[in-house]
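A short reminder: the numbers here are calculations on the coordinates, not readings from a lab. Worth saying up front: this structure is predicted, and the values here are computed from it rather than measured. Note that each Cβ is placed from the backbone with ideal geometry, even for glycine, and that neighbours are counted across all protein chains shown.
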Amino acid sequence: MSMQRIAVIGAGIAGLTVALRREQLGDRVSLFEASARVGGQLHSEIRDGFVVEHGAEGFVARSEAVPTLALAAGIGDRIVDQLEQRSYRFDGRGLVELLPGEAGRLLGFQVSSDDLGRGIRSFVDGMAELPARLAVELAPRIDLHLQRAIERVSPRPSGVTLRDARGQELEFDAAVIATTARSAASLLGDAFGSVARSLRESALLSSLTVSLAYPRDAIQHPLDGTGFIVPEPDSLGGARAVTFSSNKLPNRAPSGQVLLRSFFRPSEHDLLTLSDAAWAERAEHALAIALSAHGPARHSFVSRWADALPVFDPDHRARVSALETAMRGESSRIWLAGAAFHGSGIDAAIRSGEATALALTA
């Protein structure tokens, strides 16, 4: 097949995967990202020797897709393994050890049952190392447009037309939508009507995490595990789980320091109205109860993800299937890719991107 002009909308890990594979096949790729950075929900921060994850903290240990992509990005040797396997639950008084995989089942992780209890892997400088490196590799070879939002995607007889936020129209041979489901509904609503707009009705969950840095001697618990879950979150101010980040993965904290990450499932009201300081105080209080942490944390990092986690219930799967059927029925050159459409998690997002890149050859 001759060279195609491919537009990829969304520079998360799925969009980057599509861009990489199509560029390798000789296509001219334009990658559009509305925000100022690549990676989507893979967002890491390095500060004062701490590696803080604002998004996903790792990928499933048995993944083949992530290491393969890391090799393509030239950072296959930067993968690190989980250090601990033991996990706990808070029973209202202290921590009780769980069976392997029990924590994931109790939290309702949307991953294969085969992945439960096997742990995770990550990168030396956090999960954002992968998309950042992919962007560096791709930048000389594709047209990468950060802070350029696309508002509409429409099929035409010989390809697709994109309209950006400035009203400029751009023509391509094909386009890949690698965004959230709600963004896809807006992008495709004019072209595919209610079958696209119905994606706005799919359930989404919000998440908020607080990472706290302490001197090691401020925590009495040995932290000999990956963390603990909280079956009754109200007992710890709404915290659903806590990860012992600096014991779970290497290179997360300087010597003599620890990094702990508390996970909340906030109400819309609390997400919008509570300050970062209020969330940090809530997390500190939870750790004082569960781990006998004393004194204020030295650093706090609050990460907010509003309506960011898709729920892969039968209704959402049916909506995605109906839209993809409609797009193929119109013989359009538009595809969906990513975890918003084809399964939760980093591994699923990459596999979706790989499959979509192959479909563009057909």
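So what J values fall out for the range 320-336 if you push phi through Karplus, 6.51 cos²θ - 1.76 cosθ + 1.60 with θ = phi - 60°, rounded to Hz, Gly and Pro as x?
Couplings: 5, 4, 5, 5, 5, 5, 5, 5, 5, x, 7, 6, 6, 9, 10, 10, 9 Hz.
Restricting things to alpha carbons, find the Rg to Rh ratio for the range 1-99 using the Kirkwood radius for Rh.
That ratio equals 1.11.
Given PHE244, VAL8, ILE289, which one lies farthest toward the positive end of the charge dipole of the chain, if we put +1 on the Cβ of every Lys and Arg and -1 on the Cβ of every Asp and Glu?
After comparing all options, I get VAL8.
As a check on your grasp of the helix formula, calculate [θ] at 222 nm for the chain: sum -39500 (n - 2.57) over DSSP H runs of n ≥ 4, divide by the residue count, round to the nearest 500.
Estimated from H runs of four or more residues: -9000 deg cm²/dmol.
Taking only the alpha carbons of the range 210-362, what extent do you get along each of the three principal axes, in Å, biggest first?
63, 35, 25
When only Cα pairs under 8 Å and 6 or more residues apart are kept, what is the percent relative contact order across the chain?
Reported as a whole number, the value is 23 percent.
Work out how much length ALA359 to ALA306 would gain on full extension: take 0.36 nm times their residue separation and subtract the Cα-Cα distance, in nm to one decimal.
15.9 nm
Treating only the Cβ atoms of Lys and Arg (+1) and Asp and Glu (-1) as charged, compute the dipole magnitude of the range 203-362 about its Cα centre; round to the nearest 20 debye.
Dipole of the range 203-362, to the nearest 20 debye: 400 debye.
Go through 326-333, 47-54 and give me the packing order, highest mean Cβ count within 10 Å leading.
By packing density, highest mean first, the sequence is 47-54, 326-333.
Which cross-chain or sequence-distant (5 or more) residues have an amide H under 5 Å from the amide H of LEU249, H modelled 1.01 Å from N in plane?
Residues meeting the criterion, in which the H sits 1.01 Å from N, are LEU83.
Normalised by the empirical 2.2 N^0.38 Å for globular proteins, what value does the Cα Rg of the range 130-272 take?
That works out to 1.54 for the range 130-272.
If you project the alpha carbons of the chain onto the principal axes, what extent comes out on each, in Å, largest first?
Principal-axis extents of the Cα atoms in the chain, largest first: 66, 41, 39 Å.
Between SER292 and THR325, how high is the FRET efficiency from 1/(1 + (r/R0)^6) when r is the Cβ-Cβ distance and R₀ = 51 Å? Nearest 0.05.
Step by step, r from the Cβ atoms, then E = 0.35.
Using alpha carbon coordinates only, what is the Rg to Rh ratio of the range 1-43, with Rh defined as the Kirkwood radius?
Here the Rg-to-Rh quotient is 1.02.
If packing is taken as the average number of other Cβ atoms within 10 Å across a peptide's residues, how do 121-129, 76-84 rank, most packed first?
Ranked by mean Cβ neighbours within 10 Å, highest first: 121-129, 76-84.
Quick one: if the Förster radius is 22 Å, what FRET efficiency do LEU25 and VAL136 give, using the C-beta to C-beta distance and rounding to 0.05?
About 0.65, to the nearest 0.05.
With unit charges on the beta carbon (Lys/Arg positive, Asp/Glu negative), name the residue among GLY94, ILE229, LEU272 whose Cα is farthest towards the positive pole of the charge dipole of the chain.
Going by the charge dipole, the pick is LEU272.
Please get the size of the charge dipole for the chain, origin at its Cα centre, with Cβ charges of +1 on Lys and Arg and -1 on Asp and Glu, quoted in debye to the nearest 20.
460 debye
Spin-label point model (7 Å from Cα, Cβ direction): what's the ALA318 to ASP276 distance in nm?
According to this spin-label approximation, the distance is 4.3 nm.
Residue by residue, what Karplus-based ³J(HN,Hα) values in Hz, rounded to whole numbers, does the range 215-226 have, using 6.51, -1.76 and 1.60 with θ = phi - 60° and x for Gly and Pro?
My calculation for the range 215-226 gives x, 4, 6, 7, 10, 6, 5, x, 6, 8, x, 8 Hz in order.
What length, rounded to one decimal in nm, is gained on full extension from LEU146 through to GLU84, with 0.36 nm per residue of separation minus their alpha-carbon distance?
Contour length minus the Cα-Cα distance gives 18.5 nm.
Taking 2.2 N^0.38 Å as the expected size of a compact globular protein, what ratio does the Cα radius of gyration of the range 289-356 give against it, to two decimals?
That ratio works out to 1.77.
State the antiparallel share, in %, of DSSP beta bridges confined to the chain, rounding to the nearest 5.
Taking every DSSP beta bridge with both residues in the chain, the antiparallel ones total about 70 percent.
Tell me the Kirkwood radius of the range 190-271: reciprocal of the mean inverse pair distance over distinct alpha-carbon atoms, in Å.
Mean inverse Cα-Cα distance, inverted, gives 15.3 Å.
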